[in-house]
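Values quoted throughout were computed directly from the atomic coordinates according to the rules given, and no laboratory measurement underlies them. Being a predicted model, the structure only gives us computed values, none of them experimental. Here the Cβ is made from the backbone with ideal geometry for all residues, glycine too, and neighbour counts use every protein chain on show.
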Amino acid sequence: MNKYNTLEKILIYSGILIFMTFILLPFVEMFYASLRPLDHLFRSPYQFYSDDLSFWAYREMWKTVPMLGRYIFNSFFLASSVAIITLIFVIPAAYSYARFKFPAKNTSLYVLLAINMFSGAVLLIPLYKVLRTFGLLNSYQAMIVPGVAFLIPTSIWLLKSYFEKIPIDLEEAAFVDGASRVQILRHIIAPLSTPGLVVVGIYAFIGAYAQQFLFAITFNQKKEYMPIPSGLYEFIGYQSVKWNEMMAASLVGIAPVLLVFIFLQKYIVEGLTAGAVKN
Amino acid sequence: MKQKLKSYNSQTYLAYALIAPAALYIVLIVAWPLLETIRLSFTNSSLAGEDYVGFENYQKMLSSKKFNGIVTRTFVWMFFSVSLKLIIGLIGAVLLNANLKGRSIFRVLVMPPWVVPIAIGMLGWLWLYNGYFGIIAGVGMRTGILDGPFGFLAYKQSAFISTIIADVWVGTPMVTVFFLAAMQGVPRDLYEAAYCDGASRWDRFFKITLPQITPVIITMSLLSAIWTFNSFEIIWILTEGGPRGATTTLIIDTYKQALGNYKFGRGAARAVVVMILLTLFAGFYLALLARINKKISHE
């Protein structure tokens, strides 16, 4: 196919530059702000240049946000718990959808998709009451229980497509040879579906990490259980926000997810887009 | 042997048993609360207790000018946000689909806004929008577009636009990635044939790429519409629905009524309106999906 000439190249690269500026500017500016002294940030109009850049804010933030370490731990703990619990519920269901024919199969799959469209915000009132009745408000469970529910539908769809890729002949052959269902599960399905499980697990982890705000500010008032987003959000209302430290804390809080994502993005994107695109 | 195999693949009870845990979970945490929301919308439920009040919540809500304003505002907000996501996403996908050096890096760099917790991204945007010290106001002042500090989130119109831009920022990466994946799924020989026939790059885009990815464009429009409609964190963190209600969408209003004032009944009535609208979107989406799937299986 024809190659791009120089003019076209320049046009495309400038387009990409503008597009990327829009996407990345907030992150770049967050990072830049985190390196600058506070009195440089608080100059109007905006100063583009600071000479004494340092990582000072990354040390000070632990004092300004005393529970920051706890928030980071909470975010991790919440996201991992949600991901693991989601997998426990999703694995058998996805396997069933991939392998068996049964009445109402397609209808229920579409119902799952439809559920995905109701955001937590619509259900907050009864959820609040349920959690209050069971005494779960202001606890980790207050964020885990609803978090899992909203990740189950997509995870079933994703994992189902992985299970479908495992040739059924393998299972049937083993079954005919007298293997039990448990043996088939252990020796055929488990090893072959590991990549799929990893992708779905990471998807659930990132999803759970990302949704740590609405449920957290609504169902939990206790600082010791707050994840990073709601923990930091509290500081924004203050009269004088220490923006450099706030940005430093935000970046430290998102660094782990970003790293996980960057290393595994190929698999995640392939998995997520496969259903929508190849259909 | 065949019979044995048949028994392997058609054990309905096992199929249901495997689905049961997930199904029960969803019934308990999603389906039942949905029904409970409908019931609550006919009561004056609050922390103090509840009484059946019939359609009172709905009557009050529908006759209030404020509520009608909120519905209109929600759709205007949604329209601009979704259109921008699709347009910018499509342009972005075309740019990143160009066979040039560095494109695989750009494809990764496009994704952070999608992956990072929205709330954290919004803390960044709060700083960008800062009227005195933020970079946007700064550029405005230096270039003379602004003649002084300007709080983007402090005025009705600018807050409305600013929240849309932040929402577009969150939603565009996913749209881009899906469009890009769709573009790469277009069979290469279509392009090669067109190239041999002397079709220009422009022609190839409008006559091959665009028609080929139309199903994905339609799917993404509907999905974006649903997600944008549900958007809560972006507006809540940037403006909490203000100034003077300028960015209060249906979701924000529902939240404020229910958990700001603990008027569960009134909040529930709003939530039901949200549910009805979402069901309409979802219906469209599923009908479309079923049609696309049918068409493909016929080919």
For segment B:138-162 versus segment A:54-107, the gap between their alpha-carbon centres in whole angstrom: 38
Gyration tensor on Cα atoms of segment A:1-73, a ≥ b ≥ c root eigenvalues, a/c under 1.5 rounded, else prolate if a/b beats b/c, else oblate, says prolate
0 to 90° range, to nearest 10: angle between helix A:152-165 axis and chain A longest Cα axis: 50
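In terms of the Cα gyration tensor, with a ≥ b ≥ c the square roots of its eigenvalues, is chain A rounded because a/c is under 1.5, prolate because a/b exceeds b/c, or oblate? Don't skip to the answer; put the middle values down first.
Values: a/c = 2.44, a/b = 1.45, b/c = 1.68.
Because a/c hits 1.5 or more and a/b fails to exceed b/c, chain A counts as oblate.
On average, how many beta carbons from a partner chain sit within 10 Å of the beta carbon of a residue in B:176-185? Intermediate results must be reported in sequence, preceding the final value.
Numbers: counts 2, 5, 5, 2, 3, 8, 4, 1, 2, 4.
What the average comes to for B:176-185 is 4.
Taking N as the number of residues in segment B:1-125, what value does Rg over Cα atoms divided by 2.2 N^0.38 Å take?
On the way: Rg = 25.3 Å, N = 125, 2.2 N^0.38 = 13.8 Å.
Cα-based Rg divided by the globular estimate yields 1.84.
Mind sorting B:LEU222, B:LEU28 by how few other Cβ atoms lie within 10 Å of their own Cβ, fewest first?
Values: B:LEU222 18, B:LEU28 13.
Lowest count first: B:LEU28, B:LEU222.
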Percent of alpha carbon pairs in the protein assembly as shown separated by more than 32 Å? 51
Which of A:THR154, A:THR64, A:THR107 fluctuates most in a GNM of chain A (C-alpha springs under 10 Å)? That residue is A:THR107
Taking only C-alpha pairs under 8 Å that are 6+ residues apart, what is the relative contact order of chain A in percent? 32
Against the longest alpha carbon principal axis of chain A, how many degrees, from 0 to 90 and to the nearest 10, is the axis of helix A:105-115 turned? 10
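So what is the 222 nm mean residue ellipticity for the protein assembly as shown from helices alone, if each DSSP H run of at least 4 adds -39500 (n - 2.57) and you divide by all residues, rounding to the nearest 500 deg cm²/dmol? Each step should come with its number before you reach the end.
Working: 30 runs with 423 residues, N = 578.
The helix contribution divided over the protein assembly as shown gives -23500 deg cm²/dmol.
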Inter-chain shielding of A:249-255 (mean C-beta neighbours from other protein chains, 10 Å cut-off): 4
Inter-chain shielding of A:225-237 (mean C-beta neighbours from other protein chains, 10 Å cut-off): 3
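State which helices in chain B qualify, where a helix is a whole DSSP H run, it must extend 27 Å or more along its own axis by its Cα atoms, and its mean Kyte-Doolittle hydropathy must be at least -0.5.
Numbers: long enough: B:65-97 (47 Å, 1.22); B:156-184 (42 Å, 1.12); B:210-230 (29 Å, 1.20); B:264-298 (49 Å, 1.09).
Helices meeting the span and hydropathy rule in chain B are B:65-97, B:156-184, B:210-230, B:264-298.
So, by mean Cβ neighbours within 10 angstrom, what's the order for B:77-87, A:167-177 with the highest one leading?
Numbers: B:77-87: 19.7, A:167-177: 14.2.
Per-residue mean Cβ counts within 10 Å order the peptides as B:77-87, A:167-177.
Sort the following peptides by mean Cβ neighbour count (other Cβ atoms within 10 Å, averaged over residues), highest first: A:157-164, B:208-215.
Values: A:157-164: 20.5, B:208-215: 16.5.
In descending order of packing, they fall as A:157-164, B:208-215.
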What order do you get for B:ILE19, A:ILE10 when you list them from fewest to most C-beta neighbours inside 10 Å? A:ILE10, B:ILE19
Scattering from the C-alpha atoms of segment A:90-214 alone, worked out with Debye: what is log10 I(q)/I(0) at q = 0.14, 0.15 1/Å? -0.74, -0.81
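Ratio of Rg to Rh for segment A:73-119, alpha carbon only, Kirkwood?
For segment A:73-119, the value is 1.12.
Among B:165-178, B:243-256, A:134-147, what's the highest-first ranking by average C-beta atoms within 10 angstrom per residue?
Numbers: B:165-178: 24.3, B:243-256: 21.5, A:134-147: 19.6.
The most tightly packed comes first, giving B:165-178, B:243-256, A:134-147.
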Checking A:ARG132, A:ARG59, A:ARG186 against a Gaussian network model of chain A (alpha-carbon springs below 10 Å), the top fluctuating residue turns out to be A:ARG186
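Do the alpha carbons of any pairs in A:LYS63/A:LYS223; A:LYS223/B:LYS263; B:LYS66/B:LYS156; B:LYS85/B:LYS156; B:LYS101/B:LYS207; B:LYS60/B:LYS256 sit beyond 19 Å of each other, and which pairs? Please report the intermediate quantities before stating the final value.
Values: A:LYS63/A:LYS223 15 Å; A:LYS223/B:LYS263 26 Å; B:LYS66/B:LYS156 15 Å; B:LYS85/B:LYS156 22 Å; B:LYS101/B:LYS207 26 Å; B:LYS60/B:LYS256 16 Å.
Going by Cα-Cα distance, A:LYS223/B:LYS263; B:LYS85/B:LYS156; B:LYS101/B:LYS207 fall outside the 19 Å limit.
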How high is the relative contact order of chain B, given as a whole-number percent (alpha carbon pairs under 8 Å, six or more residues apart)? 26
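Using a ≥ b ≥ c from the Cα gyration tensor of chain B (square roots of the eigenvalues), is it rounded, prolate or oblate, where a/c under 1.5 gives rounded and otherwise the larger of a/b and b/c decides, a/b for prolate? Walk me through the numbers on the way to the answer.
On the way: a/c = 2.21, a/b = 1.09, b/c = 2.03.
It comes out oblate by the Cα gyration axes.
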Enter the angle in degrees (range 0 to 90, nearest 10) between the Cα long axis of helix A:140-149 and the first principal axis of the Cα atoms of chain A, meaning the one along which they spread out most. 50
